[in-house]
Each structure stands twice: as structure tokens, then as C-alpha cells.
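The values are calculated or read from the model by the stated rules, or taken from the named source; none is laboratory data. It should be emphasised that the depicted structure is a prediction, and the values quoted were computed from it without experimental measurement. Backbone-built Cβ (ideal geometry, glycine too); neighbour counts: all protein chains shown.
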């Protein structure tokens, strides 16, 4: 079974939605605001497809699988201490093997803020 790629028109429509950070032909990155909104609406008893429809998403273009997977990921994220924050940039790469000096640590923390 093939992947459900977005057409260029669908991708542009997704990017115009305020709840979308970015969209490619393969994937959509949703904003933290939408993730929070989705979790709250789901807790009130709304179905995932209805939440997407109410947020002006084309549910046919997204497809049932994307909506179902997003719902599952949000459920898992809601139990994390970090919440809906994207952790991909913090956990990439090989772990450091040497300790930083105090000056390096200060510079690193300043850069992080």
C-alpha cells in the first residue's frame, strides 16, 4: 500500500492554516497550540476527525491514518513532563563524552535561551 502524498495545492492549503508550522508533500508539522487544543477538545469528548474539521483542515486530504496516528501521538505526549514540545532537536546526535568547562557550560546555556 502506497503513501498518501499531498498535492502542491493541498500542501499550500495546509501551510495557510494557522495551526500548521510547516507542510511538505509527505508530512505536516502541527503547532504546539494545535496539539494543546486537540488534547483539550479530545478530553471534552470530541472525535479526532471532528476536531480537525473544526480547525479548518481538509480531513479527506489528511486521511484517516494520519488523523488516527496524530491522536495516538498526542495521547502519549500528554503524559510526558515536557508536554507537546518538539524534542527532536534536543535528542539528536551522539552523547557528549567529555565534560564542559564552566565557561563553555555558561556559553551553552546562554545560547540555549
Based on what the data block shows, is residue 6 crowded, with 16+ Cβ neighbours inside 10 Å and at pLDDT 90 or above? yes
So, in segment 56-113, how many residues would count as being part of a helix (DSSP H, G or I), modelled with pLDDT of 85 or more and either under 17 Å from residue 29 (Cα atoms) or in contact with a strand residue (DSSP E or B) (Cβ under 6 Å, 6 or more places away or on another chain) (or both)? 15
Give the residue that is farthest from residue 65 (Cα to Cα), with candidates limited to residues of segment 10-30 that are over 11 Å from the mean Cα position of the chain (by Cα) and in a loop (DSSP other than H, G, I, E, B). 18
Assess whether residue 19 counts as being touching a residue at least 40 places away in the same chain (Cβ under 8 Å) and in contact with a strand residue (DSSP E or B) (Cβ under 8 Å, 6 or more places away or on another chain). no
